[in-house]
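Only one structure is covered here, and it is reproduced in the block below.
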2 protein chains.
Amino acid sequence: MDEITVRKIDKLLNLMVDNATVVVSGEKIARELNVTRSQVWQWVERLRNLGCEIQGVPATGYRLKKMPDLLAPELVRRELGTSSFGKTIHHFLEIDSTNDYATQLAISGGVEGTVVLAEGQKSGRGRMGRQWYSEPLKGIYCSVILRPGLPPAKGPLLTLAAALAVRDAVCRMTDLKMDIRWPNDLMIGGKKFCGILAEMSAEVGRIRFVVMGIGVNVNHTSFPKEISHLATSLKLETGKTWSRIELTGQMLKRLESLCREMEKAGGQGIINRWSEISSFAEHKRVEVHSNGTSFFGETAGLDENGFLRVKRDDGCLETIYSGSIAEANEPVKES
Amino acid sequence: MDEITVRKIDKLLNLMVDNATVVVSGEKIARELNVTRSQVWQWVERLRNLGCEIQGVPATGYRLKKMPDLLAPELVRRELGTSSFGKTIHHFLEIDSTNDYATQLAISGGVEGTVVLAEGQKSGRGRMGRQWYSEPLKGIYCSVILRPGLPPAKGPLLTLAAALAVRDAVCRMTDLKMDIRWPNDLMIGGKKFCGILAEMSAEVGRIRFVVMGIGVNVNHTSFPKEISHLATSLKLETGKTWSRIELTGQMLKRLESLCREMEKAGGQGIINRWSEISSFAEHKRVEVHSNGTSFFGETAGLDENGFLRVKRDDGCLETIYSGSIAEANEPVKES
């Protein structure tokens, strides 16, 4: 499907949601989308395939009878209440990458709290050029524009805050025990269910904007073989299906409140909370992969900017700016 | 002039430079630029107005007899010798902003050392959203793509290196005494003649690219009233006209060598050299403007990332991440 079609089907979905209690005439829909009535009919079919129950009323029009758990802006906004994050939501049934789209919006002046949501990504991206597996309709693929008054050196604080926001939202809904692997992987039982990719545009002393990409595995029932020993989902861990709408709303709400807190009181609160929650904060034996090399050591807390300190086996204290860490001697899990 | 015209005239210039010893037929030029011969004639006039002496040989073609100090890629490259910086140079007679163009190149995969040069900028930009006065043919308006293996926190080191590169290039040509005001303003007698705008795109732990914009006032003989008490040029300070080609080549060469040094040996060398040269490094009474407030204090050296430390009058040691500093009680100079 080309992008225009995707956007028109999305517009149709939102039109159906907005008029959920009434019958909308095919003519009205065709006019608003600027397409033919037979095109409308095809797209209604497409929404039915996605799980929407849409009643066709002969000679009158269409009525939405049941909505699946699609991240329609109107529905997510209901969760958000009075938050300013999510006042503008761009929703896609399918997109290349929510981060790429949000970056374009930010370059064109998109304000803080602008959100891009997609039901699926064709080229979802993760940290360090990796892919992010983005099964349609199962996960949350979300990017938020942030415009903090921070120097780039303090950027890591934002990603710690994003990890805490998702964790708090999941805690509110489930009883799962979670860990945070530095900097921002959310883990259950040693497997990852949420990844965060923060991309920033900055002058040397001043962040212009950060696009905070958040991918959450919610209702996945399986993963490709290559990652199944590393990845999990809330459904796999609980056996239950969870509302992506509720989780998206709650995590955006919480992210906004953590960002506000950081503006007022600085980053120490974030660092303290992250350190309480993460087993990786201190005294954990880890293997560090950074800048093409790797070494073993013991974690020794975060610095004031959110970078991890690791005491190497040779005694040197090193600050980890980039790369990834793993629990040392972590057994490779069988899929 | 539209961008295509600007690019074609530029192509014409480079064609004339490449064939400087021979007569190039108008037909050949028209074919290579894919325009009419009367268009070629108009553009040759335009180059003549810029100072090119171009001989018209009746019924044969055109020959370049004398080149003004235009930053034609072939000429700049001669200064560069074997350097890898400047292997690709995009040259414009006029551009909106060299940084904007270089950013687009970097997004599309432009390699480290790719250079954008312009004879003039319509919307030259400086730090913190300010304008950069870009009088055509008088200054150097240059942007370089860097792809250092550094975390964003270490970005300031690059801008210190860029200031050192320009300073070294100017030192090689003139006897001027220069100062560097943190982070990277090059000053002569309290007035600024070079400004640097580093813009980066990064993941939280990893710089993707930096566009290093360098503006140098070379042969300006005057400045607009609003900035004439703040700005100067090499010509105003020495009474002489300087080769922009030579200066551009030398500063790119030096920037490359400082970047290589930093890759191998880290940033301490840059910090040491900057601190030797700048009167702002230590024990200088300054006024700091940062994040909408200002305060007085005394400078107390750079930290390991190149940020300036200032001891406030209330005794607190503060690290300055963004904003600007000025010598305290600096007399306002009359224009």
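Throughout, read-outs are computed from the coordinates displayed, never taken from laboratory work. Since the structure is predicted, the reported quantities are computational estimates derived from the model, not experimental observations. Because the Cβ atoms are built from the backbone with ideal geometry, glycine has one as well, and the counts that use them run over all protein chains shown.
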**OP:** Report, to two decimal places, the Cα Rg of segment B:73-277 normalised by 2.2 N^0.38 Å (N = number of residues).
**Re:** 0.94
Original post:
Rounded, prolate or oblate: which fits segment A:194-244, taking a ≥ b ≥ c as square roots of the Cα gyration tensor eigenvalues, rounded meaning a/c under 1.5, else prolate when a/b beats b/c?
Top reply: prolate
**OP:** Report the extension gain between A:LYS122 and A:LYS311 in nm, rounded to one decimal, defined as 0.36 nm multiplied by the number of residues separating them, less their alpha carbon distance.
**Re:** 64.0 nm
Original post:
Do any trypsin sites (Lys or Arg not before Pro) in segment A:151-205 lie in a loop, going by DSSP, with at most 13 other beta-carbon atoms within 10 Å of their beta carbon, and if so which?
Top reply: A:LYS177
Subject >> Exposure proxy order (Cβ contacts within 10 Å, fewest to most) of B:MET16, A:MET200 >> reply: B:MET16, A:MET200
**OP:** With N denoting the number of residues in segment B:141-219, provide Rg(C-alpha) divided by 2.2 N^0.38 Å, to two decimal places.
**Re:** 1.16
Subject >> Value at 222 nm in deg cm²/dmol, rounded to 500, when DSSP H runs of n ≥ 4 in chain B each add -39,500 (n - 2.57) >> reply: -10500 deg cm²/dmol
**OP:** Kindly provide the trypsin sites (Lys or Arg not before Pro) of segment B:198-259 that DSSP labels as loop, not H, G, I, E or B, and whose Cβ sees at most 13 other Cβ atoms within 10 Å.
**Re:** B:LYS240
Subject >> For segment B:277-283, 3J(HN,Hα) per residue [Karplus equation, 6.51 cos²θ - 1.76 cosθ + 1.60, θ = phi - 60°, Hz, x = Gly/Pro] >> reply: 8, 7, 6, 8, 5, 9, 6
**OP:** Assuming a ≥ b ≥ c are the square roots of the Cα gyration tensor eigenvalues, decide whether segment A:73-144 counts as rounded (a/c under 1.5), prolate (otherwise, with a/b larger than b/c) or oblate.
**Re:** oblate
Original post:
Would you list A:LEU150, A:LEU236 from fewest to most Cβ contacts within 10 Å?
Top reply: A:LEU236, A:LEU150
Original post:
Over the Cα atoms of segment A:3-66, what is the Rg over Rh ratio if Rh follows Kirkwood?
Top reply: 0.91
Original post:
Between copies, how close do the A:THR88 label points come, placed 7 Å along Cα→Cβ, listed in nm from shortest?
Top reply: 3.2
**OP:** For A:THR88, list long-range residues whose amide hydrogen, built 1.01 Å from N in the peptide plane, is under 5 Å from its own amide hydrogen.
**Re:** A:VAL115
**OP:** Send over the Kirkwood Rh of segment B:205-335, from the inverse of the averaged 1/r over different Cα pairs, rounded to one decimal Å.
**Re:** 17.6 Å
Subject >> Max mean-square fluctuation residue, GNM over chain B, Cα-Cα springs under 10 Å, options B:ASN19, B:ASN49, B:ASN217 >> reply: B:ASN49
**OP:** Please work out how much length the chain gains when fully extended from B:ALA326 to B:LEU50, using 0.36 nm per residue of separation minus the C-alpha to C-alpha distance, in nm with one decimal.
**Re:** 95.6 nm
Original post:
Quick one: length gained pulling A:THR319 to A:LYS11 fully straight, 0.36 nm per residue minus the C-alpha distance?
Top reply: 106.1 nm
Subject >> Cα-based radius of gyration of segment A:282-327 once divided by 2.2 N^0.38 Å, which approximates compact folds >> reply: 1.00
Subject >> Inverse mean reciprocal Cα-Cα distance (Kirkwood Rh) of segment A:29-121, Å >> reply: 15.2 Å
Original post:
When averaged across all projection directions, what area in nm² does the alpha-carbon convex hull of the protein assembly as shown cover?
Top reply: 36.1 nm²
Original post:
When the Kirkwood hydrodynamic radius is evaluated over all pairs of different C-alpha atoms of segment B:49-174, what value in angstrom, to one decimal, is obtained?
Top reply: 16.6 Å
